[in-house]
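*Asks:* Mind having a look at this structure? Questions to follow.
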Amino acid sequence: MHKIRITTLAGFCFLVAASVQGRADNLPSFSAHVVPILKRRCATCHITGQEPGMMSLVPNKAYQSLVGVKSVESELLRVKAASPDESYLLHKILGSQLSAGGNGERMPFMAPPLSAAQIDTIRSWIESGAPDN
C-alpha cells in the first residue's frame, strides 16, 4: 500500500514539475516576442524618445523606455512588472487609457490596433515579470 502511494506521489510531482516547466518554456521573451511587435508597430513613430509619449521603442532602447518608467500621460508606470492591469502601455494599446487616468489616442496612432495575439503576448510578458530576456 505504501509503495503505491509513494509511486503515485512521485508521478504527481513529476507531472506538476513538467507542467510548470512547460509554462516557463511558453512564456514570451522580450527580445524574441515583444521587440518584433514594437519594432513593426510602434518604433516607426517612437524612434528617438522625443516624440509624444517621450519614449524610444526601437529594439536597443525599448526595454529601458518601458519597464519601471512612469508614464508622462498617467500616474501609472508604462510597464509595471507582473501587473498588466497597472501598466499604462497595455491601456494605450487596448484603448482604455482614459479609464487609467491617461489621455491621448489608442496606440498605434492612426493605424489598425494590435491583434489580439499581439496584445496577449505583451500581457503575458508583463504578467511573467517583464523580464529583459
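The values are calculated or read from the model by the stated rules, or taken from the named source; none is laboratory data. These figures come from a predicted structure and were not determined experimentally. Neighbour counts run over all protein chains shown; Cβ positions are idealised from the backbone, glycine included.
*Asks:* Hey, among Ser124, Ser96, Ser83, which residue is closer than 14 Å to Phe30 by Cβ and not hydrophobic (A, V, I, L, M, F, W, C)?
*Replies:* Ser124
*Asks:* Sticking with this structure for a sec: Which one of the conditions (1) within 16 Å of the chain's Cα centre (by Cα); (2) free of Cβ contacts under 8 Å to residues at least 40 places away in the same chain; (3) part of a loop (DSSP other than H, G, I, E, B) does Gly129 fail to meet, given that it meets all the rest?
*Replies:* Here Gly129 meets the rest and fails (2).
*Asks:* Going through the range 38-64 one residue at a time, which ones are without any contact (Cβ under 8 Å) to a residue 40 or more places away in the chain, closer than 20 Å to Gln97 by Cα and surrounded by fewer than 14 Cβ atoms within 10 Å (Cβ to Cβ)?
*Replies:* Hit for the range 38-64 is Glu51, nothing else.
*Asks:* Has the range 74-87 got any residue that is charged (D, E, K, R), under 20 Å from Pro113 (Cα atoms), touching a Ser or Thr at 6+ places or on another chain (Cβ under 8 Å) and at pLDDT 95 or above?
*Replies:* Yes, because at least one residue in the range 74-87 is charged (D, E, K, R), under 20 Å from Pro113 (Cα atoms), touching a Ser or Thr at 6+ places or on another chain (Cβ under 8 Å) and at pLDDT 95 or above.
*Asks:* How many residues, within the range 73-90, are exposed (fewer than 13 other Cβ atoms within 10 Å of the Cβ) and free of Cβ contacts under 8 Å to residues at least 24 places away in the same chain?
*Replies:* Matching residues across the range 73-90 total 0.
*Asks:* Let me ask something else about it. In the range 91-119, how many are part of a loop (DSSP other than H, G, I, E, B) and either on the phi < 0 side of the Ramachandran plot or surrounded by 13 or more Cβ atoms within 10 Å (Cβ to Cβ) (or both)?
*Replies:* Of the residues in that region, 16 qualify.
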